[in-house]
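**Q** Next up is a structure, given as structure tokens.
The values are calculated or read from the model by the stated rules, or taken from the named source; none is laboratory data. Here the structure is a predicted model, which is why all the values come from computation and not from measurement. Here the Cβ positions follow ideal geometry from the backbone for every residue, glycine too, while neighbour counts run over all protein chains shown. We work out accessible area using only protein heavy atoms, side chains counted, and drop any ligands, DNA or RNA first. Shrake-Rupley method; radii C 1.70, N 1.55, O 1.52, S 1.80 Å.
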Amino acid sequence: MLALAAERTLGAHPYFVPVEHTHRARQTMGPGAFLAVEQAVVLDTDLTRAREVARGHLGPYIGLAAHQIANLRRLGFGDDDLTDGGSDRLVDAIVAYGDADVIAERVRAHLDAGADHVCLQVLTATPATLPMREWRELSALATAG
């Protein structure tokens, strides 16, 4: 799909992918295609709490989305990574969590891997509530350059 997107469109918007996928996507698409990667984030420095929120996000994708499972397998994730809400290794690869500086590091990793743009999807323990506080705190990343 990435090769097709590079050939027939202006670019791609990969979703639910680790930094390694961004690197592979840029190699596949070449330098001319626009690559806008989604990055799920939890603005929380408590590792246990952050991973719990992250696993709530991963669950449906690793339980039902065959195309996501196939993509993760191509990236080296196995059966042990795809059960019980995802292994720590998988959760850590798909979702960035911590303070704004840690999240900025993940954004930089995607940019260094070839992304032109990184879209943040803020995850919280209360998904029905807009993450206004988190958006405000993370908005500083956009102006930090």
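**Q** Suppose only helical runs count, i.e. DSSP H with n ≥ 4. What mean residue ellipticity at 222 nm does that imply for the chain under -39500 (n - 2.57) per run, divided by all residues and rounded to the nearest 500 deg cm²/dmol? Each step should come with its number before you reach the end.
**A** On the way: 7 runs with 78 residues, N = 145.
Computed ellipticity for the chain at 222 nm equals -16500 deg cm²/dmol.
**Q** Normalising by the residue count of the range 1-127, find the relative contact order in percent from Cα pairs under 8 Å and 6+ residues apart. Can you show the working numbers first?
**A** Details: 191 pairs, mean separation 46.1, N = 127.
Result for the range 1-127 is 36 percent.
**Q** What whole-number value in Å² describes the accessible area per residue of the chain for a 1.4 Å probe? Please report the intermediate quantities before stating the final value.
**A** Values: 8040 Å² over 145 residues.
Ligands and nucleic acids excluded, the figure is 55 Å² per residue.
**Q** Now for a separate question. Residues with beta-carbon under 13 Å from that of Ala96, excluding Ala96: net charge, scoring Lys, Arg +1 and Asp, Glu -1?
**A** Values: positive: Arg51, Arg106, Arg108; negative: Glu38, Asp44, Asp92, Asp99, Asp101, Glu105, Glu134.
Result for the local shell: -4.
**Q** Here's a follow-up. When the accessible area of the chain is computed with all protein chains present and a 1.4 Å probe, what percentage of it is carbon and sulfur? Before the final figure, lay out the partial values.
**A** Numbers: 4490 of 8040 Å².
After summing per-atom areas, the C and S share lands at 56 percent.
**Q** Quote the Stokes-Einstein diffusion coefficient, in whole µm² s⁻¹, for the chain, based on the Kirkwood radius over alpha carbon pairs, a temperature of 20 °C and a viscosity of 1.002 mPa s. Numbers along the way, then the final one.
**A** Values: Rh = 15.7 Å.
Rounded to a whole number, D works out at 136 µm²/s.
**Q** Let me ask another. At 20 °C and a viscosity of 1.002 mPa s, what translational diffusion coefficient does Stokes-Einstein give for the range 63-145, taking Rh as the Kirkwood radius over Cα pairs? Give it in µm²/s as a whole number.
**A** Details: Rh = 14.7 Å.
For these conditions, the coefficient is 146 µm²/s.
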